[in-house]
Structure formats: C-alpha cells, structure tokens
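Okay, so here's the structure we're looking at.
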Amino acid sequence: MRRARPQGGLGAWPRSLAGQAIALQILVITLIVVAGSALAVLDARRDGDAAARQQVLGIATALADAPSTAQAIESGRATEVLQPVTEAVRTHTDIAFITIMAPDRTRFTHTDPAQIGAPYIGTIEPALRGETFTEVYTGTLGPSIRAVAPVRNSSGDIVGLVSAGILQQSLAEQWRAQWPAIAAVSLAALAVSSVGVWAIRRRLLRQTRGLRPDELRVMYEHHDAILHSVSEGLIVLDTDGVALVNDEARRLLALPAGEVTRADLPEFLRTFNPGARDEIHLTDDRVLVVNRSPVHDPHDARTHATEVVTIRDRTELQGALGELNSLKVLTDSLRAQAHEAANKLHTIVTMVEMGRADEAVGFATHELELSQRLVDRLSGAVVEPALVALLLGKTAQADERGIELTVTEDTSLPADSDELLLTGQEMVTVLGNLIDNAMDACDRADPWVEVTVNQDDQRLLIQVADSGAGMDTGTFEKAMRRGYSTKTGADAAQHGLGLALVAQVVKRHHGSLSTDLTYGSVVTVTVAGP
C-alpha cells in the first residue's frame, strides 16, 4: 500500500484523509461562527427595537394617564405646564422626544421649542379611537420608533395625545456597541475550534498513517479480499468480544452467519490467551491447530487486550498420520521379525549341519504356522486391510515390549467393507489409539491387552481391555478432552490427544464411549447401526 504523497502548495486541496476532514471541519466551523455572529447582531438589534418599543410605550402611557396632563390641556396652559415635565422625563429616560398634542395635531410640547404649535407628523388615528400603539415613522428628528397614547379627562373624553419616540440612529449606535463583544466571542470560538481541529488532525494522521481516501479504500478492499480468500481461519478478539471472523473460521468452527459473540466460540477461544503457539484443539468433527498473537500499539509498544487467532485444519492430516503410524508400526514389526528370522535361520542352518534335519524342519514350520495362523484368522475375520495391518503391527509391537496382545475369537466384521459403520481411517484412529493407551497403562507385572472388534446388523463394538488399574469417571472425562495425559515430562507433549480423537469419532457417529473395571480396565466403543 502506498503512503500518502505530500500535500500540494497553497490553495491545493489536502490529499490525506486527515487533511480533507480537517479542511471540511474548518470550513464548516467558520461558516457556523460567521452565521452565529450575524444572528447575534440581528438578535441584538431586534432586542434593542423591542426594548425601545416597550420603553416609549410605557412613557407615553404614563404621561397620558396622569390626571395633570388632561388638566393642563383643558386649562389652556398645556405648553407652560407640560413642556418642563416632558423635557425632564426625556432627559432622565434618554429618549429622543416627547410630544403632547391636541386632537387636531397641534403640538403643546416638543424637544425643539420652535416646533411647538406646529402640526404633529405621524399617525394618530388609532389613538383618536382610544387605542395605544407603536410605529416606525420619520419625523422632524429623523426615523424613530414611537408610541402614541390618548389623553382622557375625568369624563373619559379624549382631550389630547401623547407621543414618545426614540431615534433609530440611537438604537443602531447601541447595538453596534455590542459588535466588539460579539467579535471577541466569535474569535475566541474560532481559536478554541482551531485548537480542537488541530488535535483531531494529529489523531487522524496517526490513525490513518496519512493515507488518502482512495488509498484507504484500496486497503480495505484488499484487506476484505484477503480475509475471505485465505485458507486459514482468522479471528480477531478484543475487550468487546469478537471483532472479526473470516469465512474459513466460520466453516472450521461451525459459527452462525451474521454477528458472532464470544458465547458462539468454542470454549478454548473464550478466554484471553495471547502467545499460544501450535495448540491442538478438537471440535465435534475437526482437529485444529490454533495460534494466538497479541496486537501491539506501534506508538507505545504496549500490549492491548486484543489478539489475532489463526486456525488451521489438521483433520485429514491427523487421519493420515494415524494410518502412517500404523504402517510405521507394521514396518518396525517386520524389521524386527526380519532380524528375528535371521537368527532363526542361522539356528536352522546349524541344526542341518549337525545332521538334525527333521528337528530343523519342525522348528521352522512351527514358527511359520503360528504366524500364518494369526494372519489367516485376522484376514478372515477383519476384511479392512488397514485394520488387519494395524492389528498385526500392534501384535508384533506388543510382543517386542513383552506384552501379551490377544485378538479375541469374537472379533468379526462384515465381508463387505462398504457395510462397515466406520471407515478404515476411523477404525485405525479408534482402535490404534485405544491399543496404544492400553499397552502404556497395563500392569508391568502381568502385562496383557485384549482386543475385540465386532459388528452385526445392530451395532459396532470395539472393546480394548488391559491389566492396568484403569481410570475413574472423572479422570476418564478429562482424558476425552484435548491435552490431558497421564504421562509427564517430554512424553506429555506428544500425548493427550489419543482418547480425545477417539471421542471425536464416536461423537461424530452418535456412538458411546465408556470405561469400566471388570476383569481388567475395559474401554468400550459402541456405534449403533442404521
């Protein structure tokens, strides 16, 4: 995968994903801050206008409702009495003007005394109908927000009007005074956002290694293609559970489609165990080699609770190894017999040279008859060649180790190998491991092993007995799990799988595997017929 190329000069759009994401964030943040500032200014202006309306409305209403106002108008001394009052109120409230007028618009008061007596410029019709209202109007002092309220006498008749107003220019100066604060807040927001964006950019660059979006897409496509095409199972485990499972892992572990949880995994994968190398585990129908590697953070070199699990299928290889082991046993036995035959041949030749030809013939034919009788009996009772070879090899091996191995007279299999309930490979796996375990466990003071293989229309029976002490139920259950062995030291590393493989074959055919102590330690495998 290519690394990101350096970014272009000024004005060039960033190439890396981090650069593009940050550029978009800066653009969005700038637009948001500018829009927010504009809205803040508009809101300040709107609030100023609303406050001005409330203020002028309150002043106009207060003066119109004052009894002294109506009395001054009716007395004919309105200007003399009310002009000082309105100017005092205007000065203390900082509004532009307060005008008290007659119903015919004649001004009694005004900020500019020269305008007293002149007609009022603005809307008064709603006030003449008894309404109090506000409006924006351009008068002698300029555009203003003004309120007009009717003045009633004690009888309720409208004898005059009061108008109070604030110039829009003054309001503009007020909300423009807020611009520096709004600008400061906006700049502070941009500064804080820039720091955050810079931190995000650094994190994105570290996490994406500066890759461009198209490079990340290609990397993902290659990653996905590799995960689905590799012949090994691959699982990624983290603190949250199962992060990734490829197709081969689903097949080997018989996992369901869709999301996979730790509860769906076999028991040996439910715990965090990084560093395991070439562990052999059994499922219901497979022998698997498992490796578990921790995931390291390249920046701080610390191990996190994440691991990658690779799984290889060793089922067929294990079966082939079982057959190979049987052939090896037979080969070793034949080699030993050849060596023994050489000794016997020397004995026969010597006896002939001594003139004892009849005794030499008897000696030779006796050993041949015993060997041939065993071969003929096994070949007649057991039609499966691999099983015959296994039994012959194990017999010779037992003889070398001083163990009496007996194939009982009850041993019998169908003449047609297609009728066997187990395949030849499965028979070798089951019987070979049971005989090996029996020869290892038999009593050295009286070593013997007895084998029975029998199949009829109802069931297949494989029974191996030995002179050993046997196993209790708990020990036997442990022995059927991967990794258990009664051996210690270097031998233990090579064992602990035999009985588990037997249990796997039996479980696959819905059979039973049991042990008991009767005339010895007896292990029995039963597979029901169709």
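Tabulated values for the structure
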item: Reference-scaled alpha-carbon Rg (2.2 N^0.38 Å with N residues) for the range 105-154; result: 1.18
item: Estimated vicinal HN-Hα couplings, Hz - the range 422-436 in sequence order (Karplus 6.51, -1.76, 1.60; Gly, Pro = x); result: 10, 6, x, 5, 5, 4, 5, 4, 5, 5, x, 5, 5, 5, 4
item: Derived scalar couplings ³J(HN,Hα) [the range 198-203; Karplus, 6.51 cos²θ - 1.76 cosθ + 1.60; whole Hz; x for Gly, Pro]; result: 4, 5, 5, 4, 4, 5
item: Lys/Arg +1, Asp/Glu -1 at C-beta; the range 408-470 dipole; positive extreme among Gly468, Ser412, Ile435; result: Gly468
item: 11 Å beta-carbon shell around Ile158, net charge (K/R +1, D/E -1); result: 0
item: Dipole moment magnitude, nearest 20 debye, the range 41-140 about Cα centre, only Lys, Arg, Asp, Glu C-beta charged; result: 80 debye
item: In order through the range 463-470: 3J(HN,Hα) via Karplus (6.51 cos²θ - 1.76 cosθ + 1.60), integer Hz, x for Gly, Pro; result: 9, 10, 10, 9, 8, x, 6, x
item: Selection of trypsin sites (Lys or Arg not before Pro), the range 102-177, meeting DSSP coil and at most 11 other Cβ within 10 Å; result: Arg129
item: Burial ranking of peptide ranges 71-81, 29-39 (average Cβ count within 10 Å, highest at the top); result: 71-81, 29-39
item: Two-site label geometry, Gln54 and Leu461: point separation in nm, points 7 Å out along Cα→Cβ; result: 10.4 nm
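No value in this document is a laboratory result; all are computed from the given coordinates. No experiment lies behind these values; they were computed from the predicted model shown. Reconstructed Cβ throughout: ideal geometry from the backbone, glycine too, with neighbour counts over all protein chains shown.
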